[in-house]
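Here's the structure we're looking at; comments come further down.
The values are calculated or read from the model by the stated rules, or taken from the named source; none is laboratory data. Note that the structure is a prediction, hence the values are computed from the model and not measured. Please note: Cβ atoms are built from the backbone with ideal geometry, for glycine as well, and neighbour counts cover all protein chains shown. Surface areas here come from the heavy atoms of the whole protein model, side chains and all, with no ligands, DNA or RNA. Shrake-Rupley method; radii C 1.70, N 1.55, O 1.52, S 1.80 Å.
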Amino acid sequence: MPDRWNYLVAETQFATELVVAGLRKLSTVPVQGDWPWPVSHDQTYPLHLGMHSYTSGLERLCKLTIACHGFVATGTFPALKPFGHKIGGLLDAVQHLDLSTLSKASEIHPPPVERPNDELDPTLTEALERFASGAGRYEHLDVLWNDQTDVTTLDTWTTLCGQVTTSERVRDLLSIREAVICAMRTISTDRDLEASAFAILEPIDARMYAPSIGVALHLYRKASWVASTLDVLTYYTSQELPLLGEAVRDLRLADEAFFQYLIAQIEDEQVTLEELERHFKRFPDDDEDEEDD
């Protein structure tokens, strides 16, 4: 039993990290309108990388939720292989779980949120399922030997990006993040640490794009809903189940809070603004550059 406990915790942490990493990468996908020229596939590999990570994490979260429900209801974990990589079917299965099987102890815990009624669906969920099942995941390889292969992941993403808007709050947080990165580079240059620091800064200096962030937040809501269900299903419902809500804590935040802490990675907004103000007083050229941007 201790092994099973550890397996559940490790798998939930793994799924959560996959979702977060995927959404962070998807936020960096450039779309037409943000570039003065058409976006080509060699500029958008983050789309496939992010989708691979996110769909794998979402699939695992769904299967964990279904498995834990089965254990609470019957005392045994159900077989999950029949679901395959069918994201739409997995989301439907989570939605139709009978939560009346929960123990009385769970009544003190907030109920799971309802499944988001996403205006980007069914296109968004269909795109996830197409990618997860392999048609999207391998489209660049498949087209090499079969020129009739549909290579549509980028086109679908671009279409979805044209249907979303980002809040002023998210845009402000994005500006703060860009200012912080700029400040870190300036300080590194000022202290003769360019050669040492710039390579370390490079992975976190990927530009983010508002339309892609907008779609990524729609994807976040799906994962957050599943995470909330898993949280309730394991909240003191069985002594043999760990409290997996702790492992999905990063996915239980409100949309804009998730963007602030996990995507933009701004821990304390007020303190960050104060520090930036002091930085710009010391390096006024940086302030001018930010205003130009």
If you roll a 1.4 Å probe over the heavy atoms of the protein chains, what accessible area per residue do you get for the chain, in Å²? 53
Determine the gain in length on full extension of the stretch Ile187-Leu49; use 0.36 nm per residue of separation and subtract their C-alpha separation, reporting nm with one decimal. 46.6 nm
Solvent-accessible area, 1.4 Å probe, carbon plus sulfur percent, for the stretch 40-195: 54
Mean 1/r over all different Cα pairs, inverted: what Kirkwood radius does the chain give, in Å? 20.9
Taking Cα centroids, how far is the stretch 38-99 from the stretch 149-172 in Å? 21
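Once the Cα gyration tensor of the stretch 163-293 is found, what semi-axes does its equivalent ellipsoid get, as square roots of 5 times the eigenvalues, in whole Å, sorted largest first?
Working: eigenvalues 253, 63, 33 Å².
Calculated on Cα positions only, the semi-axes equal 36, 18, 13 Å.
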Choose one answer from Thr16, Thr152, Thr65: the residue with the largest mean-square fluctuation in a GNM of the chain with alpha-carbon springs under 10 Å. Thr152
If R0 = 45 Å, then Arg249 and Ala195, at their Cβ-Cβ distance, give a FRET efficiency to the nearest 0.05 of 0.75
Given points 7 Å out from each Cα along the Cα-Cβ axis, report the Phe14 to Leu273 separation in nanometres with one decimal. 4.2
For the stretch 83-202, what is the Kirkwood estimate of the hydrodynamic radius, computed as the reciprocal of the mean inverse distance between distinct Cα atoms, to one decimal in Å? 19.5
Have a look at Glu129, Glu240, Glu17 and tell me which one the Gaussian network model of the chain (Cα, springs below 10 Å) gives the largest fluctuation. Glu240
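Looking at the stretch 211-293, which chymotrypsin sites (Phe, Trp or Tyr not before Pro) are DSSP coil and have at most 15 other C-beta atoms within 10 Å of their C-beta?
Details: sites: Tyr220, Trp225, Tyr235, Tyr236, Phe258, Phe259, Tyr261, Phe280; in loops: Tyr235, Tyr236.
Of the chymotrypsin sites (Phe, Trp or Tyr not before Pro), the ones in loops of the stretch 211-293 whose Cβ has at most 15 other Cβ atoms within 10 Å are Tyr236.
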Most fluctuating of Val151, Val94, Val226 in the GNM of the chain (C-alpha, under 10 Å) is Val151
Above-threshold pairs, the threshold being 21 Å between Cα atoms, out of Lys63/Lys86; Lys25/Lys81; Lys25/Lys63: Lys25/Lys81; Lys25/Lys63
